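Report on one structure; see the data block that follows.
The values are calculated or read from the model by the stated rules, or taken from the named source; none is laboratory data. Because the structure is predicted, anything quoted here is derived from the model rather than measured. Don't worry about glycine lacking a Cβ; one is built from the backbone with ideal geometry, like all the others, and counts go over all protein chains shown. Just so you know, the surface numbers come from the protein's heavy atoms only, side chains and all, with ligands and any DNA or RNA stripped out. Shrake-Rupley method; radii C 1.70, N 1.55, O 1.52, S 1.80 Å.
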Amino acid sequence: MTRMRARLLVLHVLVLTLLVVLAVRLWQVQVVRGQEFVTRATETRTRAVIVPAVRGQILDSSGRPLVRNKTALVVSVDRTRLSRMKDGGVKVLRKLSAVLGRPVSDLQQRITPCGPGVGKPCWTGSPYQPVPLDEKVDTREALQILERQEEFPGVTAEIHSVRQYPGGRAGAQMLGYLQPVTEAELEKREGLKASFSGVDLAGRDGLEYVYDEALRGKSGLRRVQVDRMGKALGVEEQITPIPGDHLVTSIDSRVQAVTEKALDKAMKSAPSADGGAAVVLDARTGRVVALASAPGYDPEIWAGGISARGYQWLLSEKSGKPLVSRAINGQFAPGSTFKISSVASMLRAGYPLNGHYSCPGSVAVGGRAFNNFRGIPLGTLSLHTALVKSCDTIFYRAAYEQYLKDGGRFPKRKPKEVFANIARAFGFGSPTGVDLPGESGGRIPDRAWKKDLWQKTSAINCERSRKGYPEEKDRARAEFLKRLALENCTEGFLLRPGDSANFSIGQGDVLVTPMQLARAYAALVSDGKVRSPRIGWAQVRPDGKVVRTIPVPVVGKLPLSEKERLYIKHALSQVAADGTAAGAFAGFPMNKVRVGGKTGTAEVWGKQDTSWFASFAPTKNPQYVVVAMVSQGGMGAQTAAPAVREIYEGIYGIKRKPAVPNGGRLTTRLPRFAPDGTVIRG
């Protein structure tokens, strides 16, 4: 009996203890952490849905779309959800493959994160971002997915806004493209991280990249109440997305089309041509009117994720690397188009503006003969005629004389290097600052550059001078390269007499981009101010209100007086009518539109010449500066000059409808917008 009572007592104590523990726990849950659990319970019944903002359009100077949006049904996959399935989502992808008509392996590759050893197509975006698999599905395919969601967990089919390019391939490198935001970008770009919605695309190149923040807008948010099965019950909170601003550019889409066509024709006319570019600037403002690069590509290739084959094609030598813009990244010897800088150098070195100079067929520079074009002597010329007829020997001699004044091979402590420094004042040797990413700076090869290059390459050159070039099949060329390597090994740090002579006519190691040459000519024929060209003109809200206009900065001034500038401009005004480009402009109505400019034929070792023509029109009061370049295009008057002629014919409507009405006068006013954001015509 006593033992039974003891057992009951223990049981009572145990029950009381359990009741006390339960009471304490209830007090903790309901009182101490009550609000926390209420919040958690609420959260489990709420889902946050990101509402992407509509990206702003990119428009031309009259409001015509260069890049616009279109709605499309997009099938996306939540790769995180698929990865949590027992089979890794293979079953779902098989069913999706049957609907979309695409191999399972292709779908798997597209959702695989990019990384070492993983080639495109792969997923470059955030692991928490839905992966778009197809941006061109039809309604029937979308309904198959939406009506059988239990068979397609983690798969959505929604209407999204995607980019469309009305001009096709026109200006593809300039416009850029969109790709998913990467984790690395979120860390590097602070503004992007702050506004990232999880489903955004970011500009990868061109204007899409430079003006990405303005174009992207701000995503909205919708909090939806759902039951435990995930079925929507109602909207708890909604934040409307803010659409991105439109970017109005100074590009005239009609002139862009004319320029693209002329460049394409020029490329086809030169059998060996492997690249080309054309730049059209507003000579008065420094704004870009057209910018073309060849070969080009269709930017639609990026829509929905680029294929491995497509991506490799864009990077291949066979395709000509169409992702590269020859207009701002292509660096080429400018040939005689560079003589505007050399004339200015002569004037600053003390040569008289109205002097007369001998133009023999050949001059001796450092014990070596440097010939005029085809060795033809032209007699005694003024600087005016030297430009019109493109005499080389006048500039050879002047550059060599300045080289000797600086001390020749063993220079003075502070050599003046007039030709190099004046070239920099024209804007050569550094990026123009145009509002596009990745611009090249060109090259002005002075004494400092020679020393720096020698330090970087002397070891290789010295080794080659001993071993030679056994892989070179042409023995004469192999022997030449070996001698050259020895010379560069022993005295590659010295600026040689021939270097100075070649520099004066835009040959040798001097390199420029078409954009640099265009802005130098724009400064020369306008007001002498060197500007940093701009494509963006204004940022406009979707309701038509101008947020800001984008100025064209003045970054320098030519080292020429107005009298000197007008003298050079007047000389160039005769080149197309009575100079080296006269053949290319035969029959052109100079009485209607007088064109001035300079041809350039730059020799390239082992290749055909680079063809250049830098121009401006009308010569009296220039509205346009047009520069064309065709790599391996031959003589300047042979390929580049005819392309420039065709561009002017298109602009002014010679034998055709004018691309720019009213006598080729460009608009000076921004397009007008209605309150709904549409452009008001007329």
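Considering only protein heavy atoms, with the full assembly of protein chains and a 1.4 angstrom probe, order T249, T80, T490 by accessible area, largest first.
Details: T249 0, T80 35, T490 80 Å².
The residues order as T490, T80, T249, largest area first.
If I take R0 = 51 Å and measure r between the Cβ atoms of T457 and W313 in this structure, what FRET efficiency does the formula 1/(1 + (r/R0)^6) give, to the nearest 0.05?
Rounded to the nearest 0.05, the efficiency is 0.95.
Defining a contact as two alpha carbons under 8 Å apart and six or more residues distant in sequence, what relative contact order in percent does the stretch 309-454 show?
Contact order relative to length: 21 percent.
Please give the length that would be gained between E158 and E213 if that part of the chain were fully extended, namely 0.36 nm times their separation in residues minus their C-alpha to C-alpha distance (nm, one decimal). Don't jump to the answer; show the numbers that get you there.
On the way: separation 55, 0.36 × 55 = 19.80 nm, distance 2.44 nm.
Stretched fully, the E158-E213 segment lengthens by 17.4 nm.
Could you pull out the pairs from K529/K620; K95/K218; K389/K473; K529/K598; K261/K620 whose alpha carbons sit more than 29 Å apart here? Each step should come with its number before you reach the end.
Details: K529/K620 18 Å; K95/K218 35 Å; K389/K473 40 Å; K529/K598 20 Å; K261/K620 27 Å.
Too far apart for the 29 Å limit: K95/K218; K389/K473.
If you put +1 on each Lys and Arg Cβ and -1 on each Asp and Glu Cβ, how big is the dipole of the chain around its Cα centre, in Debye rounded to 20? Spell out each step's value before the answer.
Numbers: 98 positive and 62 negative charges, 129 e Å.
Charge dipole, the chain, about its Cα centre: 620 debye, nearest 20.
Using the Karplus curve 6.51 cos²θ - 1.76 cosθ + 1.60 with θ = phi - 60°, work out ³J(HN,Hα) for each residue of the stretch 449-464 in order, rounded to whole Hz, and write x for Gly and Pro.
Computed from phi, the couplings for the stretch 449-464 are 5, 4, 5, 5, 5, 4, 4, 7, 10, 4, 4, 5, 5, 5, 5, 5 Hz.
Report the accessible area of M85, computed with a 1.4 Å probe over the heavy atoms of all protein chains in place, in Å² rounded to the nearest 10.
Per-residue accessible area (M85): approximately 50 Å².
Farthest toward the dipole's positive end in the chain, which of S465, L26, A98, given Cβ charges of +1 (Lys, Arg) and -1 (Asp, Glu) about the Cα centre?
With unit charges placed on the Cβ atoms, the residue in question is L26.
What FRET efficiency comes out for T112 versus L353 if R0 is 60 angstrom and r is the Cβ-Cβ distance? Round to the nearest 0.05. Don't skip to the end; give the middle numbers.
Working: r = 67 Å, r/R0 = 1.12.
E between T112 and L353, to the nearest 0.05, is 0.35.
Taking the chain, how much of its Cα-Cα pair set, in percent, is spaced more than 34 angstrom apart? Spell out each step's value before the answer.
Numbers: 131630 of 232221 pairs.
Above the 34 Å cut-off, the chain has 57 percent of its Cα pairs.
Based on the Cβ-Cβ distance of R477 and S97, what FRET efficiency does E = 1/(1 + (r/R0)^6) give at R0 = 56 Å, to the nearest 0.05?
Numbers: r = 55 Å, r/R0 = 0.98.
Computed FRET efficiency for R477 and S97: 0.55.
Could you give the nm distance between label points at N591 and V21, where each point is 7 Å from its Cα heading toward the beta carbon?
For N591 paired with V21, the spin-label model returns 11.1 nm.
HN-Hα J couplings of the stretch 547-552 from phi, Karplus 6.51/-1.76/1.60, θ = phi - 60°, integer Hz, Gly and Pro as x?
Whole-Hz 3J(HN,Hα) from phi for the stretch 547-552: 6, 6, 9, 9, x, 9.
Could you calculate the contour length gain from R5 to M85, that is, 0.36 nm times the residue separation minus the distance between their Cα atoms, to one decimal place in nm? Present the calculation step by step, with values, prior to reporting the outcome.
On the way: separation 80, 0.36 × 80 = 28.80 nm, distance 5.70 nm.
Computed gain between R5 and M85 is 23.1 nm.
Among F673, F373, F338, what's the order by accessible area (1.4 angstrom probe), most exposed first? Could you put the intermediate results ahead of the total?
On the way: F673 30, F373 105, F338 0 Å².
If we order F673, F373, F338 from most to least accessible, we get F373, F673, F338.
Kindly sort W605, W612, W313 by accessible area of their heavy atoms, largest first, with the probe set to 1.4 Å. Could you put the intermediate results ahead of the total?
Working: W605 160, W612 0, W313 110 Å².
Highest to lowest solvent-accessible surface, that is W605, W313, W612.
Could you tell me the relative contact order of the chain? Use alpha-carbon pairs under 8 Å, at least six residues apart, and round to a whole percent.
Values: 1401 pairs, mean separation 98.5, N = 682.
Relative contact order, the chain: 14 percent.
Any idea of the accessible area per residue across the chain, 1.4 Å probe, to the nearest Å²? Don't jump to the answer; show the numbers that get you there.
Numbers: 33080 Å² over 682 residues.
On a per-residue basis, the chain sits at 49 Å².
When the helices in the chain are scored as -39500 (n - 2.57) per DSSP H run of 4 or longer and the sum is shared across all residues, what 222 nm value do you end up with, to the nearest 500 deg cm²/dmol? Before the final figure, lay out each step's value.
Working: 25 runs with 248 residues, N = 682.
Per the formula, -10500 deg cm²/dmol.
Which entries in K414/K467; K482/K607; K268/K321; K265/K482; K456/K482; K450/K569 show an alpha-carbon gap greater than 29 Å? Provide the component values of the computation, followed by the final result.
On the way: K414/K467 38 Å; K482/K607 20 Å; K268/K321 17 Å; K265/K482 40 Å; K456/K482 18 Å; K450/K569 33 Å.
Going by Cα-Cα distance, K414/K467; K265/K482; K450/K569 fall outside the 29 Å limit.
Using a 1.4 Å probe on the protein heavy atoms, what percent of the accessible area of the chain belongs to carbon and sulfur? Please report the intermediate quantities before stating the final value.
Working: 18030 of 33080 Å².
In the chain, the share of accessible area belonging to carbon and sulfur is 55 percent.
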